[in-house]
Amino acid sequence: IAQALTPSKTKDDYGLLWWLNPGRKAWPALSDKAFAAVGYGSNTIWVDPERDLVVVWRWHQGNGSEFLRLLVDAIKD
């Protein structure tokens, strides 16, 4: 898992088939520890280890940043 989440030499926001969130560039409202796998049709598995949260959704537009922000805001205590 650690190797899969290590940034590649050519792209700091991509590990081994996982998109990373260094500096919160991809998902500004989310943890910089968050990561996601994105497949055909934008089918996405998004993981936030700091919140102990895994979200799976499909056929969305863009990178899902707004949806994830709303989701995280809704579950904040």
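Who wins for biggest fluctuation among V38, V55, V47 in a Gaussian network model of the chain, springs between alpha carbons below 10 Å?
Among V38, V55, V47, the largest GNM mean-square fluctuation belongs to V55.
Suppose every K and R has +1 on its Cβ and every D and E has -1 on its Cβ; what is the size of the dipole of the chain about the Cα centre, in Debye to the nearest 20?
220 debye
Pairing the Cα long axis of helix 65-75 with the longest principal axis of the chain, what angle in degrees results, from 0 to 90 and rounded to the nearest 10?
Tilt of helix 65-75: around 50 degrees.
Considering only G62, G39, G15, give the residue with the highest GNM mean-square fluctuation for the chain, with springs between Cα atoms whenever their separation is below 10 Å.
G62
Could you work out the per residue convex hull volume over the alpha carbons of the chain, in cubic angstrom?
Convex hull volume per residue, Cα atoms: 92 Å³.
Could you order K33, K11 by accessible surface area, starting with the largest, using a probe radius of 1.4 Å? If you can, show how the numbers build up before the last one.
Numbers: K33 115, K11 90 Å².
From most accessible down to least: K33, K11.
The values are calculated or read from the model by the stated rules, or taken from the named source; none is laboratory data. These figures come from a predicted structure and were not determined experimentally. Note that we place each Cβ from the backbone using ideal geometry, even for glycine, and neighbour counts take in every protein chain shown. These accessible areas exclude ligands, DNA and RNA; they are computed on the full protein's heavy atoms, side chains included. Shrake-Rupley method; radii C 1.70, N 1.55, O 1.52, S 1.80 Å.
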